[in-house]
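Asker: Provided herewith is a single structure, encoded as C-alpha cells, for subsequent inquiry.
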Amino acid sequence: MFTAFCFMFFSFTLLLSLFSVVIFVLRLNLGCKCETCHAYLTSSWTEEFDNLCDWFTHLLEKSATGTIHIHVLGNTITANPENVEHILKTRFENYPKGKPFAAILGDLLGKGIFNVDGDSWKFQRKMASLELGSISIRRHGFDIVSSEIQSRLLPLLSSVSGKQQVLDLQDVFRRFSFDNICKFSFGLDPGCLELSLPVSEFAEAFDLASRLSAQRGLASSPLIWKLKRLLNLGTEKQLKQAIKLVNELAQKMINQRREKGFSDRNDLLSRFMGTINDDKYLRDIVVSFLLAGRDTVASGLTSFFWLLSQHPEVESAIREELQRVMRSSDGRQQIASFDQMRDMHYLHAALCESLRLFPPIQFDSKFALEDDILPDCTFVRQGTRVTYHPYAMGRMDRVWGPDCLEYKPGRWLKDGRYVPENPFKYPVFQAGQRVCLGKEMALVEMKCVVLAIISRFNIRVPNPKQTPRFAPGLTANVRGGLPVLVQEKAIVS
C-alpha cells in the first residue's frame with residue numbers, strides 16, 4: 001500500500017514538473033517573440049544594464065506614453081503620473097493587491113495589512129492609523145531611535161574613526177533599523193548594532209525570508225516556485241525554515257505578553273493585543289510592520305549617504321542649517337526636537353530628492369479586477385498585473401524635466417521653504433488610500449540619523465562614482481553594501 005502511494009505521489013510530481021517545463025518552453029519559444037520579452041526571458045538586458053529597474057526605465061523612457069507591457073509576465077508597467085493617480089485613486093477599487101501577489105508573500109506576511117484587500121485591509125488600516133497617529137506612540141518611536149543613536153550608532157562610528165578601517169554603512173543602517181523596528185513592533189531588542197556587530201539568528205531568518213519571498217515574483221511561471229514548495233526543495237525549503245523561526249519568535253513574544261500583561265506597554269504588539277485575540281492574526285500584522293520599517297529606512301539612508309559623498313555642497317548646507325536652527329557653533333548638539341526638525345527645510349528637501357532618485361520600494365503592483373482603460377489610452381485586461389514604477393518616474397524627462405538625473409535638493413524649495421510635490425508624480429510613499437501610514441515616522445528617523453552623523457563625523461565613500469547594483473528583494477539593497485571611511489570631526493572651540 002505504501003509503495004503504491006509513493007509511486008502515485010512521485011508520478012504526480014513528475015507530471016507536474018514536466019507540465020511546468022512545457023509551460024516555460026512554450027513561453028520561451030512559441031509564445032511572444034517580441035524583442036522585450038525575449039530580452040527578459042534570456043536576461044540579455046544584462047549586457048547593457050546593471051539593474052532590472054534601469055532596463056525598465058530605459059523601456060519606459062522610449063515609450064511614447066510612458067507605459068509598456070511585458071507579455072510573458074502579463075504585466076503592464078507605467079511611469080505616467082496620470083496613470084498612477086488612476087490606479088491609486090480614481091479606480092482604486094479596481095486595482096487591489098490581488099490573489100497572485102497575496103500568494104507570493106502569503107507564507108511570510110499571511111493576512112497582514114500589506115498582503116490583503118477589502119474589509120481586512122480597511123480594518124487594519126483604521127487600527128494602524130489610530131495607533132501610529134497618536135502622540136504617545138510617535139514619542140515612543142522617537143525615544144527608541146534617540147536611544148539607539150546615542151548608545152550604539154555613535155559609539156560604533158567612533159570606534160572605527162580615523163583607523164582607515166572600511167565599514168559597511170548599509171549593514172550598519174540595516175542593523176540600526178532592525179533594532180529599532182523590533183523594539184517598536186515587539187518590544188524586543190535583538191542588539192544587532194552592539195559594538196561586536198553580533199550575528200542575529202532572527203535578523204538573518206527575516207532577511208532570508210524576505211529575499212526568497214521576493215524571488216518568487218521573478219519566476220517566469222508561479223508553477224515553478226509552487227512545485228518547489230510542494231516538494232520542499234531548494235529555496236522553498238530554505239524559506240519554510242526561515243519563516244518557521246520568525247513564527248516561533250513571534251509566538252514567544254505573544255505568549256510572554258499574555259503572561260506578563262500588556263496594558264502598560266507601548267510596542268505595537270501590546271497595543272494591538274488590546275483589540276485582537278487571534279495569535280496568528282497578531283503575528284501577521286506585526287511582521288508586516290517589521291518588514292515595512294526595517295529595510296525601507298536602511299535603504300533610504302544608504303542611498304542618501306552615497307549621494308552625499310558626491311555632493312559635499314549639500315552636506316555643508318545641511319550642517320549650516322543645523323547650526324542655524326540649533327544655534328550652536330560646533331553642531332554637536334543633542335538630537336533635534338520635532339519642532340526644530342520641522343524648521344530644517346533644506347534637510348527635508350535633501351532627503352526627498354534622494355528618495356526621488358533611489359526609492360526604497362522601486363515598484364509596486366496591483367491586479368485589475370475588470371477591463372479598464374488608463375488615461376494614456378492603454379487597455380488593461382481583467383486579471384492583468386499593473387505596476388507603477390517610482391524608480392523609473394524619478395528618471396523621466398517628461399516627469400521631472402531635463403535635469404531629472406541630477407541630485408538637486410533645491411527643486412523642492414521655494415524661497416527657502418520646502419514645497420511638496422504631487423504624490424502621484426512622486427509615489428515614493430504610495431498615494432491615495434494606500435499612502436504610507438509610517439511616512440512621517442520614517443522621515444523623522446532618517447533625519448535623526450543624518451543629523452547625528454554629519455554633526456560629528458565625515459563619512460567618505462572610497463569609490464563614490466561606482467553605480468549601485470541592486471540585489472533582488474522587496475526593497476532596494478545594494479550588492480556589496482556601502483563601504484565607507486569614518487573620520488570624527490574636530491571640535492570647534
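Asker: With +1 assigned to the C-beta of every Lys and Arg and -1 to the C-beta of every Asp and Glu, and no other charges, what is the dipole magnitude of the chain about the Cα centre in debye, to the nearest 20?
Answerer: On the way: 60 positive and 53 negative charges, 142 e Å.
That gives the chain a dipole magnitude of about 680 debye.
Asker: Roughly what % antiparallel, to the nearest 5, for the DSSP beta bridges in the range 38-487? Please report the intermediate quantities before stating the final value.
Answerer: Working: 19 of 24 bridges.
Among the beta bridges of the range 38-487, antiparallel pairing accounts for roughly 80 percent.
Asker: Could you give the length gained by full extension between Lys226 and Lys244, i.e. 0.36 nm per residue of separation minus their alpha carbon distance, to one decimal place?
Answerer: Working: separation 18, 0.36 × 18 = 6.48 nm, distance 1.79 nm.
Full extension from Lys226 to Lys244 adds 4.7 nm.
Asker: When Lys and Arg each count +1 and Asp and Glu each count -1, what net charge do the other residues less than 12 Å away from Ile181, Cβ to Cβ, add up to?
Answerer: Numbers: positive: Arg174, Arg175, Lys183, Arg294; negative: Glu148, Asp179, Asp189, Asp267, Asp295, Glu445.
The answer is -2.
Asker: Another question about this same structure. Can you give me the C-alpha center-to-center distance between the range 235-263 and the range 195-213, rounded to a whole angstrom?
Answerer: One Cα centre to the other: 14 Å.
Asker: Can you give the longest stretch of the chain with no exposed loop site, where a site means GluC sites (Glu not before Pro) in a DSSP loop (not H, G, I, E or B) with at most 16 other C-beta atoms within 10 Å? Walk me through the numbers on the way to the answer.
Answerer: Details: sites that count: Glu48, Glu194, Glu370, Glu406, Glu421.
The answer is 195-369.
Asker: Which FRET efficiency value, to the nearest 0.05, is calculated for Arg139 and Arg381 with the Förster distance at 30 angstrom and r the Cβ-Cβ distance? Show your work: numbers first, answer last.
Answerer: Working: r = 48 Å, r/R0 = 1.61.
Calculated transfer efficiency: 0.05.
Asker: Could you do me a favour and compute the accessible area per residue for the range 38-487, 1.4 Å probe, result in Å²? Let's see the in-between values first.
Answerer: On the way: 19290 Å² over 450 residues.
Per residue, the range 38-487 has 43 Å² of solvent-accessible surface.
Asker: Taking all protein chains in place and a 1.4 Å probe, what share, in percent, of the accessible surface of the chain do carbon and sulfur account for?
Answerer: Details: 12870 of 22920 Å².
Accessible surface attributable to carbon and sulfur in the chain totals 56 percent.
Asker: Using only the C-alpha atoms of the chain, find the volume of their convex hull and express it per residue in Å³.
Answerer: Cα convex hull per residue, to the nearest whole number: 174 Å³.
Asker: While we're here: Could you give the length gained by full extension between Thr467 and Lys260, i.e. 0.36 nm per residue of separation minus their alpha carbon distance, to one decimal place? Before the final figure, lay out each step's value.
Answerer: Working: separation 207, 0.36 × 207 = 74.52 nm, distance 5.00 nm.
That pair, Thr467 and Lys260, stretches by 69.5 nm at full extension.
Asker: Quick check: the distance between the Cα centres of the range 96-145 and the range 342-395, to the nearest angstrom?
Answerer: If you average the Cα positions of each part, the centres end up 19 Å apart.
Asker: Let me ask something else. Run the quick spin-label model on Glu61 and Glu201: label points 7 Å from Cα toward the beta carbon, then report their separation in nm to one decimal.
Answerer: Taking the two extended label points, one gets 4.8 nm.
Asker: Right, here's the next one. Taking a 29 Å limit on the Cα-Cα distance, which of the listed pairs Lys126/Lys366; Lys97/Lys447; Lys163/Lys465 fall beyond it? Walk me through the numbers before you get to the answer.
Answerer: Numbers: Lys126/Lys366 21 Å; Lys97/Lys447 31 Å; Lys163/Lys465 23 Å.
Those over the limit are Lys97/Lys447.
Asker: Subtract the Cα-Cα distance of Cys32 and Arg324 from 0.36 nm times their separation in residues, and report this length gain in nm to one decimal. Don't skip to the end; give the middle numbers.
Answerer: On the way: separation 292, 0.36 × 292 = 105.12 nm, distance 6.00 nm.
Here the answer is 99.1 nm.
Asker: Moving on. Of Leu195, Asn463, Ile361, whose Cα points farthest to the positive end of the dipole of the chain (charges on the beta-carbon: +1 Lys, Arg; -1 Asp, Glu; origin at the Cα centre)?
Answerer: About the Cα centre, the residue reaching furthest to the positive side is Leu195.
Asker: Also: Residues of the range 346-371 with the amide nitrogen closer than 11 Å to a label point 7 Å from the Cα of Lys89, along Cα-to-Cβ, please.
Answerer: Label zone hits: none.
Asker: Give me the net charge for the shell around Ser365: Cβ to Cβ below 14 angstrom, other residues only, Lys and Arg +1, Asp and Glu -1.
Answerer: Values: positive: Lys97, Lys99, Arg216, Lys366, Arg385, Arg434; negative: Asp117, Asp364.
Summing Lys/Arg as +1 and Asp/Glu as -1 gives +4.
Asker: Let me ask another. At most 10 other C-beta atoms within 10 Å and a DSSP loop state: those are the exposed trypsin sites (Lys or Arg not before Pro) I care about. Give me the longest piece of the chain that has none. Kindly include the intermediate steps, with their values, before the conclusion.
Answerer: Working: sites that count: Lys33, Arg327, Lys465.
With a cap of 10 other Cβ atoms within 10 Å, the longest stretch comes to 34-326.
Asker: Tally Lys and Arg at +1 and Asp and Glu at -1 over the other residues with C-beta under 11 Å from the C-beta of Gly66: what net charge comes out? Walk me through the numbers on the way to the answer.
Answerer: Details: positive: Lys62, Arg398; negative: Glu61, Glu82, Asp376, Asp397.
Counting the neighbours of Gly66, the net charge comes to -2.
Asker: If a paramagnetic tag sat 7 Å from the Cα of Arg342 along the Cα-Cβ line, which residues of the range 432-460 would have the backbone N under 16 Å from that point?
Answerer: 440-441, 443-445
The values are calculated or read from the model by the stated rules, or taken from the named source; none is laboratory data. All values derive from a computational prediction rather than experimental measurement. Heads up, the Cβs are rebuilt from the backbone with ideal geometry, glycines too, and the neighbour counts pull from every protein chain shown. Surface accessibility is based on the protein's heavy atoms, side chains included, excluding ligands, DNA and RNA. Shrake-Rupley method; radii C 1.70, N 1.55, O 1.52, S 1.80 Å.
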